[in-house]
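Report on one structure; see the data block that follows.
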Amino acid sequence: MAEEKEKKAAPKKEKLADPIAATIDVASQQLIARAQQLGVETVFDRAETMKPCNIGAQGTCCKNCGMGPCRLPLPKSGIEGEDTRKGLCGATANTIAARNFIRMIAGGAAAHSDHGRGVAEVFLTAARKETNDYQIKDTVKLVQVAEALGVATTVEVDGETKDRDLDEVAVEVGEIAMAEWGKPEGEVFYLKRAPQALYEKWEKQGVRPRNIDREIVEIMHRTHIGVDQDYRNLMKQGVRAAIGDGWGGSMLATDLQDILFGTPYPLQSEANLGVMKEDHVNLIVHGHEPILSEMIVAASQSKEMLDYAKEKGAKGIQLSGICCTANEILQRHGIPPAANFLQQELAIITGACDAMVVDIQCIMQNVANVANCFHTKLITTHPIAKMEQENVIHIEFDEHYAMEDAKRIVKMAIDNFENRGAEVMIPRQKATQIAGFGVESIQYHLGGTFRGDYYTLNDNIINGRIRGIAGVVGCNNARTRHNEGHIQVVKELIKNDVIVLTTGCNGIACAMEGLLTPEAAGVYCGAGLAEVCETVGIPPVLHMGSCVDNSRILLAATEVVNAGGLGNDISELPVAGSAPEWMSEKAISIGQYFVASGVYTVFGVTFPTTGAPVFQDFLFKEMEKMYGGMWDLEIDPIKHAHKMIAHIDSKRKALGIDKARERVLMDMADRQKLEA
Ligand code: NFS
């Protein structure tokens, strides 16, 4: 007895993560082990010690007023008969889960869209020529965007039609774009870019966003105590705000970034922690906005800074990225991503990170604690994203003095090079990748010379060489093995001839695994997809950028519809969406705008509505009748991929092109017979 008591009284030993169980990535395994040896805690260890709250995870904890939190756990045996669970005000499990769910949409849509607004502000500053550091780079896209926003690109002079001055067009585009966040009347301009049939569906359901901000604010209003208490009506607003994200804030962010910094075009780079170099100054940019990082790219490549680095004993400056800032500067400059979301602390644990610059979103507060254990300077740059820890330096970035600020930051990294500790451990692992595909470059690679647009892609879908298209995107989640879901889902899809479009942390995971190379086709793909990739010279997994660039996937899907032969709406296409390791509110907003655009969308790990089965059924089944797309949850990555494939096959059947694929399969067997 006494012994037992003693055991209880002994201080609890913090559990440590098993590095091999924590991640499939060898570089990360090495650094997790190193962190543990040095006594530096990481997210992987915290995931062992802190377990999630069950009721919160089920979506049925309401803390929207001071009488709660009201917790409505799902009974272990499930609900038999009538569901009598209620909060103090009487809110049902459905109401609570729906409120929580659309508040997640509001959080995600706000993050994407506020990022977009920031870009629009810089865009306008550049268009008005109030800064020398940013210019309009892509005038072709400027004209396209002007047309989509209803800005005239030509003028009548003496009865003759002439092109309008592009500087003038740019200013007007900037002003109209800015108004998209808060205009008092009308609807979001870009909705008209969707296929006509989809637009009409939104009209019928009453979910066309009026402006971007309003729909987010209305979610906060409707979910306040005592307002909207019908999960269907709550979801109507959730859908409306999500569309305002995908076809509004995110799409504008992507477009304006492309005009300012250039539309991405395929380029070669590398990925993983092994891109850091021991004899170079290692500067890492982390977060989401390309506004500052674009300047840091330029500053770090300037002769002035390179000379200064050499003066300080370094061979050069190795810039790399984490999370979506990484994707932004990868797709436009070939700067390699060092890490995705769950590896951010590990980049510092190399001991070779001289400075980490962060802007907004997906930055773990613990990077400050990790930086404190090393020489790394951690620099926050955005007025809305600071950290309380004292070792964090704040350099507020001002677009009017962009280059000056960027140089100050690069110099700080160089000055810190000599302060490195004795032990630097940079893992060797890195992989080659081709990144930077977009709507335009897919058209170039897979478009027909004569028919234009997406004809060749459609043709290969119709003849069955390509079974379908999957968008696989999203985060890492410390509740599941890092990158395992991403890689297994994607490999299973391409093995079954489904071409994959990737963004965000999935893109970085695929790059690290070597899936973003044309050579991957011969190794991992089914015969049909391999043949197409090898003929055209593209990877089977196409990197489309950051998370706001999921809007590129919407537009690519629209191009596929417009090219013809595969139905009239995105919901008729053999396509599916997936976020195997999601965790952020942004992922929920993205998932919802995919569903509302007609895409069957599967999430892995967990789903925040499992405690309210009726509401979850609405998302998983009823939504299909309204929008043609619906949600699903599948934790097992292989089953996850096969649910997507089954959906793709059902769409092929509905289009009457399932027979073509059977013939392709017979061809393969015949070929094998010939070989034997
Ligand atoms: Ni998307 Fe990009 Fe990564 Fe998830 Fe975070 S970085 S915006 S939210 S974690 S994919």
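The values are calculated or read from the model by the stated rules, or taken from the named source; none is laboratory data. For clarity, every value in this text was computed on a predicted model and none was experimentally measured. So basically every Cβ, Gly included, is an ideal-geometry build from the backbone, and we count neighbours across all protein chains shown. All accessible areas refer to the heavy atoms of the entire protein, side chains included, with ligands and DNA or RNA removed. Shrake-Rupley method; radii C 1.70, N 1.55, O 1.52, S 1.80 Å.
Key figures
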quantity	calculated
LYS63/THR161 FRET efficiency (R0 60 Å; Cβ-Cβ; nearest 0.05)	0.50
Under 13 Å, Cβ to Cβ, from ALA646 - net charge with Lys/Arg +1 and Asp/Glu -1	+1
Anchor LYS310: lysines whose Cα lies under 23 Å away (excluding residues fewer than 8 positions away in-chain)	LYS277, LYS377, LYS407, LYS411
Within the chain: Cβ-based charge dipole about Cα centre, in debye rounded to nearest 20 (Lys, Arg +1; Asp, Glu -1)	2080
Sorted peptide list for 244-255, 113-124, 369-380, criterion being average Cβ within 10 angstrom, highest first	244-255, 113-124, 369-380
Average accessible surface area per residue within region 93-260, 1.4 Å rolling probe, Å²	39
Unit charges at the beta carbon, dipole of the chain: most positive-side option, GLY526, ASN463, PHE397	GLY526
Gain upon complete extension [LYS386, CYS53; 0.36 nm per residue less C-alpha separation]	117.1 nm
Reach of LYS129 by Cα under 18 Å, taken over lysines that are not fewer than 8 positions away in the same chain	LYS137
Cα-derived Rg to Rh of region 432-655, Kirkwood definition	0.94
Antiparallel bridges, percent of DSSP beta bridges restricted to region 273-419 (to nearest 5)	5
Fraction of accessible area attributable to carbon and sulfur, region 273-419 (%, probe 1.4 Å)	46
Exposure ranking of LYS63, LYS277 by accessible area [1.4 Å probe, largest first]	LYS63, LYS277
Share antiparallel - DSSP beta bridges, the chain, percent rounded to 5	25
Modelled FRET efficiency - R0 30 Å, LYS192 with VAL536, Cβ distances, 0.05 increments	0.45
Protection-proxy order for peptides 182-191, 330-339, 99-108, each taking the mean of Cβ atoms within 10 Å per residue, highest first	330-339, 99-108, 182-191
Solvent exposure of region 450-539 as accessible area per residue, Å², 1.4 Å probe	29
Computed FRET value (nearest 0.05) for GLN268 with MET178, which takes r as the C-beta separation and R₀ as 41 Å	0.70
Solvent exposure of region 273-419 as accessible area per residue, Å², 1.4 Å probe	32
For region 25-33, 3J(HN,Hα) per residue [Karplus equation, 6.51 cos²θ - 1.76 cosθ + 1.60, θ = phi - 60°, Hz, x = Gly/Pro]	8, 5, 4, 5, 4, 4, 6, 5, 4
Spherically averaged projected area of the chain from its Cα convex hull (nm²)	36.1
For region 253-263, Karplus couplings with θ = phi - 60° (6.51, -1.76, 1.60), whole Hz, Gly/Pro x	4, 4, 4, 5, 5, 5, 5, 6, 10, x, 6
Full-extension gain in nm, LYS639 to ARG46, via 0.36 nm per residue minus C-alpha separation	210.6 nm
Packing-based ranking, highest mean first, of 394-400, 292-298, 262-268, 38-44 given that Cβ atoms within 10 Å are counted	292-298, 38-44, 262-268, 394-400
For a label point 7 Å along the Cα-to-beta-carbon line of ARG232, residues of region 609-651 with backbone N under 15 Å	614-627
Solvent-accessible area, 1.4 Å probe, carbon plus sulfur percent, for region 576-637	57
Per-residue ³J(HN,Hα) for region 312-320, Karplus 6.51 cos²θ - 1.76 cosθ + 1.60, θ = phi - 60°, Hz, x for Gly and Pro	8, x, 9, 7, x, 10, 9, 8, 9
